[in-house]
Structures are given as structure tokens and as C-alpha cells.
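These notes concern the structure reproduced below.
The values are calculated or read from the model by the stated rules, or taken from the named source; none is laboratory data. All of these numbers come straight from a predicted model, not from anything done at the bench. Don't worry about glycine lacking a Cβ; one is built from the backbone with ideal geometry, like all the others, and counts go over all protein chains shown. Protein only, heavy atoms only, side chains kept; ligands, DNA and RNA dropped before computing areas. Shrake-Rupley method; radii C 1.70, N 1.55, O 1.52, S 1.80 Å.
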Amino acid sequence: MSSLACALKSVQGERVALTNVTVSAVLQDLLAEVTMCQSYRNQEQVNIEAVYTFPLPLDAVLLDLRVEIGGRVLKGVVVEKKAAEERYEDAIAAGDAAVMLEQLEPGLYTMNVGNLLPNEEASIKFSYSILCRWVGERLRLFIPTTIATRFGDSPHAPHQAPESSLAVENHFSLRMEIFGSLREAQFTCPSHQVSLTRLADKVVVALQQEQAAMDRDFILNVKALKASRSFAICGSDGDGLAAVASFQPFFPGLQQPRPLNLAIVIDCSGSMQGDSIEQARKALEGILEALQTSDHVSLIAFGNSTHVLWNRLMPCHPANREVARHFARQLDANMGGTEIGKALQTAYEVLGETKPAEILLVTDGEVSSWKPVVQDAKTSGHRIFTVGVGNAVSEAFVRELARTTCGECELVAPREDMAERIIRHFERMRAPRAKRVVVHWPDGACDFAPSKLDAVFDGDTVISSARFSDTSISGPVALSIETETGETTRLELPIPAAPLGMAQEQISTVARFAASMRLKELDGNAGLSVALRYRLVSPWTNWLVIAARPEGSKAQNIPVLRKVQQTEAASMVAPCVMAMPPAPIPTGRIMRGMPLFSRESTRASLLPAAELSSKQSSRASLPSSPGALIAAAGLLRAVPEDEWLGISQWAAKQGRQDLSERALKHWSLVRSGPKKELSEMQTSQGLEILKEAKRLGFNLSKRILREARRLGIDLDERINC
Amino acid sequence: MDNSRTFTLDEIATLAELPRRTVRYYIQTGLVDRPQGVGKGAYYTERHVEQLLLVRKWQLAGLSLERIGEVLRQQTSGPLPPAPRRKGTVEVWSHLVVADGVEVTLDPGRAGLNPEQVRAFFRGVAEVYEKLQNGEEER
């Protein structure tokens, strides 16, 4: 243990508060129930607050939360968000311990563990349930463990925003038991080394090593030829019932595959380095293979900028395909940031008015603010099929993007079969579209969720839920699909009776599951009341535990914050790409790494340039000649951004508020874009700030003085107002 | 305002129009001083309110909290030190490939180089390399 404890010391010197994570999962037929236990320990001399932002599968439904602290076990309650935050703050202020679990966005949660006293331990156990979805004859169990560095400002509060570090290594252990119809299935784990034991009543899958680093998603692929793939479950819901049905419909495809109008969009941002870009190349290979002469395509690669092969869709004849291959071979993860919104905008332009048209997007989805991208995609009217790649894919983004546009999403980890998934996507794209998809619930059903089903693909899973005010259900539930070619398919499922032995008026897991599906379509007050009734964490509710301490053992100070950092995704640290001879890199090429920390860039626009010049026009005087102006512009280009901050801070201390404000505004101005040319007025204002600061005794950096000498600018020259 | 007036955390949060959690975060990260006194006796003064307002001002101007911390800690007159590099962070660097096996690595932002200067620098390096190569051949 002592060596482990040493290893847990972070680079900043403090001990990492999260000491261990254990995952135990039970897969009973298609319902997976996963229990996670996070252990925290304060290994410092002061009281601390540990804050850990972590990922869960997008469709996970959190069922309960228990905290063990100081020998006591406390059960969590679901509380309205504002009230929970207040109570948490009150507890911290009073010196008590408190644990609050909040949902930041779909698939992203923050655990707040307030006021751990020196040497105190807290173990937090929560479980969630998830319904696995069949895709053909396989299903994929996915447990994310880390959040890869995302592009752009995090939309969350600073204590919540995930941070990853190459130096932090969090660990987890995992054990999974599989019961029921899936026992006979074939299992593969592309992400970790696991052991598999087949017992009489179950199959046990566990990590081969006791612990593994939390640097990649855990994936278990299950392939079963003979398994019951459609089913319905039922449970009590207060004085009524709730039911969830899962269908896997098969319906005939077209005799002649439909030609496609397709924009292929490939993420070449820095975060794709290593495994992910290798996967993207493989995906492209598969795509170009799957295209037919009658298809029309274009290819778009993006990072900070967007690179388009053809501005409009081109027929996919052999010559064009060769051009596309050539384009594909050039791709690398060297295009900087992940400006995915702009890239998709370009795709919409390329597709223009062509209908029907599809977009096939290959990305790791590492974008902080992805919701606006999904919104834009929805209004574009094109279906987007996504391929989520990498070791720590942002599931919520790639799945939501596909879902809201009536496309579909495939997650493919580095060692999974890419070709198979690409073929699957092409089958979906070429298949006749479902025109009318309806789930017919028996009489007495209400509160259906989802309220509307848009996209259904042959062999994929459709899940639907409903509530019954009665305690008996009269008849089966049916799914009917009418395709655009006029064919209809109907699939019927009996609804089993609710398990007996459950106290009347209790709310079952099935009911909470159904409610969580409803919650996705609710807003404000309606959402809040459903979330409270069914004890669900949501945008309006948090899980909360308060552990009051006896008088005399309360924490005395505001706890020191210990944010638990993410272990950097494996592919960013040491990609395990196939051994290949290094390709000679052409001379003069610039390879860009990840442009991650652009936190300040978007906010700089708060001070509009127009306001700046109007307010200060009385003060500035233009340099006398064009030559002087050019020289001044040259000098300003040599001034690092930080110099303006330094001047501003220094001037404020000298009581020169006006100069401080001007320097700060100038900083905002130059911060808004390095390539931005300053106007004449702005240039002379900048120069005067430098002169004034120097005259008042500020030590300008040597580089500026040197540059001024070189350009023949006299910084000591009196300002001629 | 009376200088000897004291406040609770709640009150200073209200004065600065910030949520309590945010104010607490600023204290935890050292942007705002810790309160006077301990436990139930902890209190805040005018100085804390001023600090909060200052952080807010810088933030509205577009500074990251990290940078605000550095600016506030800057005591001497003169240029700000470059942002310290936290261990374990991933940075953006440009690699200029001079030839197979020869690479120049730089972060133009930190180096304070504009694109023209980067190109000029690279041309210079490339020239030196070429000269070396040609020298080899001549010999």
C-alpha cells in the first residue's frame, strides 16, 4: 500500500484524493446494472474538498447513491438543484461533510466531496442501469473511464470543468457477471486484457490485472446468434404500472441499393493523434471501398480550418475515386483545433439543395461546447451518420448528433473492426427510410417516450416506454414500420405481468427507467417534478448526502480544493498504432500539435473595438507620417500580449486607473486575434500606452526596447497632446 | 462605507453578485484571501469585497482565472513573467521539418514570434542546413 500511496502523489505535490474506483456490473439479459465505488481519502494535514468530474454512458440511469464516512452509511436523496447547492454550501460552511452528485450535461457528472478531515476516508457507491441495444447480432457494453482533453472553453463552472493530465494515473478494477440469455454468447474485449470464466449459471469477466489505468473506455462486445432480442418488462409505478419495450425489427431492404449523395467529414484535429487518426484512415479506406459509381460524394477534412476536396458533389467514377484516395492519404492529425461546427456548415453548403443527402462524420468528438453543433445539425435537415473513434470518445456528442438528425452512431475503439462498422453504416444509408414508425401500446397507456420515433434501421434496436394508470395491462405492445417503398413490418411483444412481491404504490426500477426516457423531452417544472418523483439526477436535480459532524469535530476552515484530474487518454500518451516505417515528411511542412488552451480567446470580444476608439479618440494623436505608423505597427506586433496586462496591473498599483484601463482594453483588442490588423487609431493608442508606461517608470521588456531602437522609435519622446 | 464592517460569506457573495460556490472557489484558488477567524467565527471585510470585485473586473475583460491569479501575484513593476507551465499539461508546438531527421520545435506564442518571423527564422535555419550540405558535397 505504501508504494501505491506514493505513486498517487500528484505532480503539484499534494496527494490525489481519489484513491480507487471499483466497477462491478451485472448483465441480466439486456439490462446491465453497474455499481461504481469511488474511494476518497484525505492524505493531507488540512481539510479538503475533492471534486471529480467523470463520464458515464449516455443512457445510464442513476439509481441510488450511498456514502460511507466515519463508520456511518448514509443514503443519498434527490433534491432540487438550487436547494441542493445551498444545502451543500451550508454544510461546508458549518464544517460538516457533504457529498453532492450533479449532472453537467448528458454523460458528464461531477462528484463533490466536501470537507474531508485529515486522514478521513469516504467511499461513495452509486449504481446505474442501462439497456443494451442490439445491432444485428452484436451488442456493445461501454463503460467510459476518462474524459479526453476537449477543444475550446468548457461551458461549465471552473471547479467542474474536466482537466486532464499526462502525469495523473487513476486506477479502477472491474468485474462483470453475465446471467440469462447471453451466457452462451461470444465475448471480446478490445480495450483491456480480461479473464473469462464460464460457470453453471453465469459468465464472469474480470480485468486480468487487479487494476488498470483509467485512460480508455472499457468495452465488451457480445455476439450472440441465438438470443431473445426483443422483450418487454413491466413494474409498478405508484398506483399504476410502467413498461419498457425493446424491439429489434428486421425489414426488407431495397432490391437495388439506392445511390448516395454523401459528404464525408473527417476530423484531423490534434486530439486525433495516434490511434484515432489511424482509425480514421481505416474508416476512409472502408468508405471509398463501399462507394459505388452511381454515388455522388465530396470529402472534407477539418481542424482549425476546413479543407474541401470538391465544392460540390462529384460522381464517384474511378478517376474521382483515385483523387479521393490521394486526398485521404495526405490526412494527418495536424490541423489543430476541432472546429467541427464550421466543418459541418461546409458540408451543408456542399450538399446544397440535394435531397436526400447524408453526412458521414468520423471524429473523436472532443469538443467542449457541442450542443450548438447538434442544434445546427438538426435544422440542416440532413441525416448525419457518425463514427466515434479513439480511446475515450465523447459518446454523448457523437450519439446525440446522429440521433437528432435521424442518423445512427457507431462507436469504434482502436482495436475493433472498422470495416464491418463502415459497411453497416452504408447499409443503413442505402436502406429505404422508415416513413412511419409507431409503437402501439395497449389501452390505458399514457406518457409514451420517446414521443416520436423517426429513424429505425434494419436490425437496430428501438426502445419505447409507457405508463399505465391501471394495474392491469390488456394485450401486447407492437411496433409497426412503414418504409418509403410502402412496405410495412409489424412486431408484437407480450407484456409480462409486473413481478409480484413488490409493495403496491412503490416505484420500481422499470418505472424510473421509463421516467428517465420521458425526462429527455421535458423542460423546466415538468422535468423537475418527474425527476423528484422518480428520484432521478437531471438538469434540475442533484443527489445529496449531508453527514453532520458532532460539535467539536467540525472542520474549522474552508476546505482546500482538490480537483481530481483525468488520466490523459491512452492514445495521447503512447499510441499503440501498428508498426509502420516512418514516412519521410516533406521539407518545410508545419505539423501542429493540439491547440488546447484557448480559454481566453472567446471572451476577449467583450470589449468592442468601436467603443475603444470612440472613448479614447481625444487622447490619441496620429503619428505624423505613414512611415512612423508602419514602424509603430511593427513595434506593437513585437509586444507580447502579457506586456499589456503587466502595464495594466502596474498602473493600477500606481493609482493610474486610466492607463490601467487603456492597457487592459488594448490587451483585449490584441487578444481577440493575432492576425488582426490594428487600425491607425489603435496603433497610435497602443504606442502611447507604451510611452506613458515607460515615462512613469514601468520596465518595458528588453525585446520591446530593442525593437523600438531597430525601428527608430523614440519611446521617450514627449506625448504631443 | 465603514471600514471596520464585517461580512459573512453569504453577504460578500451577494455584494459581488456571485454564487457562494464561486466565491468559495476564488478563496480556494487563492484569488481572494481566506477569511479572518476560524470556524463559526470566520468573517470577511471590505478588503475581501474589493478583491472579489477586482477578480470580476479582470474576468469581464476576458482573462482566465488562472491568469488573473498570476497577475494578482505579480508584485514588482515590469513585465509579467510568462505563464508558468503546469506539469502534465499538453501544449501546442510547431515542428518545422528542415530535412528528414532535422526538426526545429517552437511555440510561436511563447516565443513572441509572428508568422513572418517564424518563416524568416525557418528560412535562416534551412539556409544554414543547405550550406552545411553543400559544404559536404564540395569537400
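Cβ-Cβ contacts under 6 Å between residues 6 or more apart (or on different chains), taken from a first residue in the stretch A:313-336 that is within 14 Å of another protein chain (Cβ to nearest Cβ) to a second residue that is surrounded by fewer than 19 Cβ atoms within 10 Å (Cβ to Cβ) and aliphatic (A, V, I, L, M), are listed as A:Asn334/A:Met591. If you filter the stretch A:14-33 down to residues that are of a type in the set (A, V, I, L, M) and under 24 Å from A:Gly71 (Cα atoms), you find that the one that is nearest to the other protein chains (Cβ to nearest Cβ) is A:Val16. Whenever a residue of the stretch A:549-569 is more than 10 Å from every other protein chain (Cβ to nearest Cβ) and assigned to a loop (DSSP other than H, G, I, E, B), its partners that are open to solvent by less than 20 Å² (accessible area, probe 1.4 Å) and among the hydrophobic types (A, V, I, L, M, F, W, C), lying with C-beta atoms within less than 8 angstrom and at least six residues away or across chains, give the pairs A:Arg549/A:Ala97; A:Arg549/A:Ala555; A:Ala569/A:Ala148; A:Ala569/A:Ala392. In the set (1) farther than 22 Å from A:Val398 by Cα; (2) surrounded by fewer than 19 Cβ atoms within 10 Å (Cβ to Cβ); (3) within 23 Å of the chain's Cα centre (by Cα); (4) at pLDDT 90 or above, A:Ala167 fails one condition alone, (4).
Looking only at the stretch B:23-50, residues that are more than 23 Å from A:Glu86 (Cβ to Cβ) and open to solvent by less than 40 Å² (accessible area, probe 1.4 Å) come to 2 in all.
Of all residues in the stretch A:143-169, those being under 16 Å from A:Leu207 (Cβ atoms) and within 13 Å of another protein chain (Cβ to nearest Cβ) number 1. Cβ separations smaller than 6 Å between residues 6+ apart or across chains give the following pairs from the stretch A:506-519 residues that are aliphatic (A, V, I, L, M) to residues that are open to solvent by 20 Å² or more (accessible area, probe 1.4 Å) and at pLDDT below 95: A:Val510/A:Ile233.
Residues in the stretch A:36-81 that are open to solvent by 30 Å² or more (accessible area, probe 1.4 Å), more than 24 Å from the chain's Cα centre (by Cα) and within 19 Å of A:Gln160 (Cβ to Cβ): A:Glu80 alone. Sub-6 Å Cβ pairs linking a first residue in the stretch A:55-82 that is of a type outside the set (D, E, K, R) to a second residue that is open to solvent by 60 Å² or more (accessible area, probe 1.4 Å) and in a loop (DSSP other than H, G, I, E, B), at least 6 apart or interchain, are A:Val78/A:Arg535, ordered by first then second residue. Restricting attention to the stretch A:200-226, and to residues there that are among the small types (Gly, Ala, Ser), open to solvent by less than 50 Å² (accessible area, probe 1.4 Å) and closer than 17 Å to A:Glu177 by Cα, which single residue is nearest to the chain's Cα centre (by Cα)? Step by step, filter the stretch A:200-226, then rank; the result is A:Ala206.
Just one residue in the set A:Asn720, A:Asn699 is at pLDDT 85 or above and open to solvent by 60 Å² or more (accessible area, probe 1.4 Å); that residue is A:Asn699.
The set of residues in the stretch A:243-291 that are assigned to a strand (DSSP E or B), of a type outside the set (A, V, I, L, M, F, W, C) and either under 30 Å from A:Thr471 (Cα atoms) or within 21 Å of the chain's Cα centre (by Cα) (or both) comprises A:Ser246, A:Asp267. The residue of the stretch A:678-695 that is modelled with the lowest pLDDT, among those that are charged (D, E, K, R) and touching a helix residue (DSSP H, G or I) at 6+ places or on another chain (Cβ under 8 Å), is A:Glu680.
Residue by residue, here is whether (1) surrounded by fewer than 21 Cβ atoms within 10 Å (Cβ to Cβ); (2) more than 23 Å from A:Ile124 (Cα to Cα); (3) modelled with pLDDT under 95 holds:
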{"residue": "A:Thr509", "(1), (2), (3)": "yes, no, yes"}
{"residue": "A:Ser516", "(1), (2), (3)": "no, no, no"}
{"residue": "A:Asn525", "(1), (2), (3)": "yes, yes, yes"}
{"residue": "A:Val537", "(1), (2), (3)": "no, no, no"}
{"residue": "A:Thr541", "(1), (2), (3)": "no, no, no"}
{"residue": "A:Ala555", "(1), (2), (3)": "no, no, yes"}
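Residue count for the stretch B:51-69 under the criterion of being open to solvent by 40 Å² or more (accessible area, probe 1.4 Å) and either within 11 Å of another protein chain (Cβ to nearest Cβ) or of a type in the set (Asp, Glu) (or both): the result is 5. I'd like to know if the stretch A:513-536 contains one or more residues that are under 35 Å from the mean Cα position of the chain (by Cα), on the phi < 0 side of the Ramachandran plot and in a strand (DSSP E or B). The answer is no; no qualifying residue exists.
All of A:Gly646, A:Gly655 fail the test of being at pLDDT 85 or above, closer than 21 Å to B:Ser64 by Cβ and open to solvent by less than 70 Å² (accessible area, probe 1.4 Å), apart from A:Gly646.
Does A:Ser369 qualify as being open to solvent by 50 Å² or more (accessible area, probe 1.4 Å) and within 12 Å of the chain's Cα centre (by Cα)? When the stated conditions are applied, A:Ser369 passes them.
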